[in-house]
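J.: Once you've had a glance at the structure underneath, I'll fire off some questions.
The values are calculated or read from the model by the stated rules, or taken from the named source; none is laboratory data. Predicted model only: the values in this text are computed from it and were never measured. Backbone-built Cβ (ideal geometry, glycine too); neighbour counts: all protein chains shown. Remember, those area values only see protein heavy atoms, side chains included, never the ligands or the DNA or RNA. Shrake-Rupley method; radii C 1.70, N 1.55, O 1.52, S 1.80 Å.
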Protein chains: 4
Amino acid sequence: MADDLRACLEAELAKPPFHRWLGPVLESVEAEADALTVRIPARPEFARIPGEPGFHGAIVAGAVDIAAHAAIVIRTRGPTPTVDLRVDYLRASTGADLLARAEIVRAGRSLGTVRVDVSEPGGRAVAAGMATFYLRRD
Amino acid sequence: MADDLRACLEAELAKPPFHRWLGPVLESVEAEADALTVRIPARPEFARIPGEPGFHGAIVAGAVDIAAHAAIVIRTRGPTPTVDLRVDYLRASTGADLLARAEIVRAGRSLGTVRVDVSEPGGRAVAAGMATFYLRRD
Amino acid sequence: MADDLRACLEAELAKPPFHRWLGPVLESVEAEADALTVRIPARPEFARIPGEPGFHGAIVAGAVDIAAHAAIVIRTRGPTPTVDLRVDYLRASTGADLLARAEIVRAGRSLGTVRVDVSEPGGRAVAAGMATFYLRRD
Amino acid sequence: MADDLRACLEAELAKPPFHRWLGPVLESVEAEADALTVRIPARPEFARIPGEPGFHGAIVAGAVDIAAHAAIVIRTRGPTPTVDLRVDYLRASTGADLLARAEIVRAGRSLGTVRVDVSEPGGRAVAAGMATFYLRRD
């Protein structure tokens, strides 16, 4: 059920101690599309250059990882280890919130592949990512 | 001169506001090999699972990005934008400090490619990474 | 003009000696979307396992590279070197023709990023790819 | 036994119909290092630009895939599907033979990660690659 899914996703996002610092929030869920969007609200300590608002590449990579992982949870309803992560940086972030939309490309029996688009409110594309997850429960 | 380089690298590592939170430190420099090692001292807020010490994948990705970027500075002596970043997660981190050794594979006129190995003290391999940088001063 | 573009793309696809062996053909162009689809007609020598029709991973990687490169030509109207290429293999190919749809994600002044979906006629997804190109004319 | 391994690797390299066209040969094995080198002897039909000897990026990608796969066979002694493949193109090839040295970075129970360096005789680096394989026998 949609509310169950949202509650499960929000729980997954809230759990990791690192997330308590980064502060990702579930923006929207497109369960029928196996997709969701995570928002990373802007904070000064995300900056790469002193006095400039743009986020550090590691924050953008974190947004890709977190959104991709949350999307896989639509299928697995539980944690899954990341096998690998790729981030293509398209434009410097301006320091606005990051919106990371993650969509499952394929979720097989053993492996899941998720595509992520990171943009800013208004639609400015900041990064494109891909993540692979190991889905087997052992 | 080696001291100049070390000072330049330490300045680059100290600058970004995000680094003040993450806390990367220059562990060693192998200038002749175009390589260096950055240490990320362990902190509880890096954790992925409550009550477990292992680091979040985004922290490992940050270690790859930061070490690779620092290595490129051996050549450029200044900031360079990241074009893309890849991280292969080899083993879950145990929550020990991360040691990210970055080595320049190629630094051309326009693009630089850096290979990174992330391990824990004692040599346990945690991740392998690659990063591409844009070196052109425009 | 659309016909000019198609002619330019077909010329780019026909030129490389390697393409004369692989045989990629321009399937369709969505110029307004900065996207196009290249077809790789099936041939027995593309196989990975003797007596089985499925294509070798290198053929799928070639489809990603060729389609991504052709898409960048929509903007550059000329050859551009590949900086890096990534292929996520989603399913074993069945030996049907490959349809590689490439879409420009970002084409800046210096770098271009292209996303590719490789599928078989009927829509079976085989691979997802990303390629980065260097666009600067020096 | 070393001869058994070499025979097993040569059989794996000889099997795929695609390899009969590409012509990869086992150059050397460093079994203790979980590494080996595959040579792709130069052929005019590998060219990217008519009248120029440099190889097409898809041939370089094929060298990465084939060498990485062969290296994993040191451990598995059998075929394993490629999960994903990454190639960083460092320099245009000159049309000399390609030497792809693949080294296992990690071979766990389920997944294997292999790093590949593609160079030309004399040591000119052409590309750096990484490949992930699924090792589970199901």
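J.: In the stretch D:30-47, what residues are within 15 Å of D:A102 (Cα to Cα) and surrounded by fewer than 18 Cβ atoms within 10 Å (Cβ to Cβ)?
T.: Selection gives D:E30, D:A31, D:E32, D:A33.
J.: For B:I66, are the conditions met, namely being more than 21 Å from C:L85 (Cα to Cα), hydrophobic (A, V, I, L, M, F, W, C) and open to solvent by less than 10 Å² (accessible area, probe 1.4 Å)?
T.: Answer is yes for this residue.
J.: Name the residues in the stretch C:100-114 that are open to solvent by 30 Å² or more (accessible area, probe 1.4 Å) and in contact with a strand residue (DSSP E or B) (Cβ under 8 Å, 6 or more places away or on another chain), would you?
T.: Correct list: C:R101, C:E103, C:V105, C:R106, C:L111.
J.: Considering only residues that are part of a strand (DSSP E or B), open to solvent by 20 Å² or more (accessible area, probe 1.4 Å) and more than 10 Å from every other protein chain (Cβ to nearest Cβ), which ones fall in the stretch C:115-126? Break it down stepwise before answering.
T.: Here is the first cut: in the stretch C:115-126, the ones part of a strand (DSSP E or B) are C:115-119, C:125-126.
Next, from what is left, pick out any that are open to solvent by 20 Å² or more (accessible area, probe 1.4 Å): C:115, C:117, C:119, C:125.
Hit for the stretch C:115-126 is C:S119, nothing else.
J.: Looking at (1) within 7 Å of another protein chain (Cβ to nearest Cβ); (2) surrounded by fewer than 17 Cβ atoms within 10 Å (Cβ to Cβ); (3) of a type in the set (V, I, T), which one does B:T132 not meet, given that it meets all the others?
T.: For B:T132, the failing item is (2).
J.: Please give the number of the condition C:P24 fails out of (1) open to solvent by 30 Å² or more (accessible area, probe 1.4 Å); (2) under 18 Å from C:A11 (Cα atoms).
T.: Every condition holds for C:P24 apart from (1).
J.: Of everything in the stretch D:73-94, what is at pLDDT below 95, of a type in the set (A, V, I, L, M) and under 18 Å from C:I49 (Cβ atoms)? Give them in sequence order.
T.: D:V73
J.: Please state which of the following conditions A:R109 fails to meet, knowing it meets all the rest: (1) part of a helix (DSSP H, G or I); (2) more than 12 Å from the chain's Cα centre (by Cα).
T.: Looking at each condition in turn, A:R109 falls short on (1).
J.: In addition: Output the number of the condition that A:G57 fails; it satisfies all remaining conditions of (1) surrounded by fewer than 24 Cβ atoms within 10 Å (Cβ to Cβ); (2) at pLDDT 95 or above; (3) touching a Gly at 6+ places or on another chain (Cβ under 9 Å).
T.: For A:G57, the failing item is (1).
J.: A further question on this structure: Answer yes or no as to whether A:I104 is among the aliphatic types (A, V, I, L, M) and at the interface with another protein chain (Cβ under 8 Å from one of its Cβ atoms).
T.: So A:I104 fails the test.
J.: Another question, then. Could you grab me the full set of residues in the stretch C:99-134 that are under 25 Å from C:G54 (Cα atoms) and of a type in the set (S, T, Y)?
T.: Matches in the stretch C:99-134: C:S119 only.
J.: For A:A14, state whether it is out of contact with any strand residue (DSSP E or B) (no Cβ under 8 Å at 6 or more places or on another chain), without any contact (Cβ under 8 Å) to a residue 24 or more places away in the chain, open to solvent by less than 30 Å² (accessible area, probe 1.4 Å) and not β-branched (V, I, T). Don't jump to the end; show me each part of the working.
T.: Working: out of contact with any strand residue (DSSP E or B) (no Cβ under 8 Å at 6 or more places or on another chain): yes; without any contact (Cβ under 8 Å) to a residue 24 or more places away in the chain: yes; open to solvent by less than 30 Å² (accessible area, probe 1.4 Å): no; not β-branched (V, I, T): yes.
For A:A14, the condition - out of contact with any strand residue (DSSP E or B) (no Cβ under 8 Å at 6 or more places or on another chain), without any contact (Cβ under 8 Å) to a residue 24 or more places away in the chain, open to solvent by less than 30 Å² (accessible area, probe 1.4 Å) and not β-branched (V, I, T) - is not met.
J.: Further question: Could you check the stretch A:84-98 and list, in sequence order, the residues that are open to solvent by 30 Å² or more (accessible area, probe 1.4 Å) and assigned to a strand (DSSP E or B)?
T.: A:Y89, the sole residue that qualifies.
J.: For B:V83, all conditions in the list (1) within 13 Å of chain A (Cβ to nearest Cβ); (2) within 12 Å of the chain's Cα centre (by Cα); (3) of a type outside the set (F, W, Y) hold save one; what is the number of the exception?
T.: (2)
J.: Kindly state which helices (runs of 4 or more DSSP H) lie completely within the stretch D:1-79 and contain at least 1 residues that are within 30 Å of C:P79 (Cβ to Cβ) and within 14 Å of chain C (Cβ to nearest Cβ).
T.: Working: elements: D:2-14, D:17-22, D:57-76.
By residue number, D:17-22, D:57-76.
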